[in-house]
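Structure, as structure tokens:
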Amino acid sequence: MKCTVNDILSFIDSFAPFNTQAQWDNSGLLIGKGENEVNKIAVCLDITTGNVEKANAEGCDLIVSHHPVIFHPLKAIDFLSPSALLIKYGISAICVHTPLDLANGGVNDVLAGKLGLENINQLTDDGESAICRTGYISETQPEQFAKAVAGRLNTAVKYNRGGRKITKVCVCGGAGACFLETAVGCGCDALVTADVKHHEYIMASENNVTIIDAGHFETENPVIFELQKRLKKEFGIEVIAIEDEKMPEVTGGENAV
């Protein structure tokens, strides 16, 4: 089945509308021409130089990534930068960041499913917190839940002991500790996210809520395989998933598992 970059763009827009992106985001077709034919797609979390080289070696015409390859305005371009290499190899780039966080079946629905949550819903319909998902697990202690998260995401996690058993859980892939207050207000016993700061652990503890930092990569990367499956099913062309190198993991310490 022949398809173009615009066809891919329109399909993604159908389930992760680009007009839902946050004001600070930069999602959409960031490099390339919509009319270009696509015969093979690479999907990845980040468009790094290594991932561009891998995509080129595999003969891909298009990369679909979660994080934008161009986020801030470019004032200079290095010949070896990801953007320059994409242009050099004639590979287009579609980046779908916050729209994929928010989308049904996107980053946070996939994460919630990966963690075994049931009765999954949006945290709220107001503002950016609609990105988050809530769900339920059988009542368990914070330590047990932290170990379960670590096992399901195949990583180490860092957490506080929230002081109460966990039944209702909020998840936000990537840096989502800013939604802690909303999660507390909605009666959540735990928040699974990444990039948690010191004062956010304190805030969680003071509210008797467990917050688990499971890593930015680990909480977002599972959606790449869902995206691969959707694109392959829709267009019937080869779609490969390029797994990024993991960031350093948390090891050791009383509250790391």
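What are the pairs with Cβ atoms under 9 angstrom where one residue, in the stretch 58-86, is at negative phi and exposed (fewer than 12 other Cβ atoms within 10 Å of the Cβ) and the other, located anywhere, is assigned to a loop (DSSP other than H, G, I, E, B) and not charged (D, E, K, R)? Sequence gap at least six, or different chains.
What qualifies is His72/Asn26; Leu74/Ser81.
List, please: which pairs have Cβ atoms under 9 Å, are six or more places apart or on different chains, and start with a residue in the stretch 1-13 that is of a type in the set (Phe, Trp, Tyr) and end with one that is part of a helix (DSSP H, G or I) and crowded, with 20+ Cβ neighbours inside 10 Å?
Short answer, once both residue conditions are applied: Phe11/Leu231.
Looking at the stretch 165-175, is at least one residue among the β-branched types (Val, Ile, Thr), out of contact with any Ser or Thr (no Cβ under 9 Å at 6 or more places or on another chain) and surrounded by fewer than 22 Cβ atoms within 10 Å (Cβ to Cβ)? Write out each step before concluding.
First pass over the stretch 165-175, keeping only residues among the β-branched types (Val, Ile, Thr): 166-167, 169, 171.
Of the ones still in play, those that are also out of contact with any Ser or Thr (no Cβ under 9 Å at 6 or more places or on another chain) are none.
There is no residue in the stretch 165-175 that is among the β-branched types (Val, Ile, Thr), out of contact with any Ser or Thr (no Cβ under 9 Å at 6 or more places or on another chain) and surrounded by fewer than 22 Cβ atoms within 10 Å (Cβ to Cβ).
Taking into account only those residues within the stretch 16-35 that are surrounded by fewer than 16 Cβ atoms within 10 Å (Cβ to Cβ) and of a type outside the set (D, E, K, R), which is nearest to Ile87 (Cα to Cα)?
Gly34
Among the numbered conditions (1) in the same structural domain as Val192 (by TED's automatic domain parsing); (2) outside any loop (DSSP other than H, G, I, E, B); (3) not acidic (Asp, Glu), tell me where Thr124 comes up short.
All conditions are met except number (2).
Tyr159: within 29 Å of Arg230 (Cβ to Cβ), of a type in the set (Ser, Thr, Tyr) and at pLDDT 95 or above, yes or no?
Answer is no for this residue.
For the subset of the stretch 99-144 comprising residues that are hydroxyl-bearing (Ser, Thr, Tyr) and under 12 Å from Val171 (Cα atoms), which member is surrounded by the fewest Cβ atoms within 10 Å (Cβ to Cβ)?
Applying the filter and picking the extreme gives Tyr136.
The values are calculated or read from the model by the stated rules, or taken from the named source; none is laboratory data. Fair warning: this is a prediction, and the values are worked out from it, not measured in the lab. Positions of Cβ are backbone-derived with ideal geometry, glycine not excepted, and every protein chain shown enters the neighbour counts.
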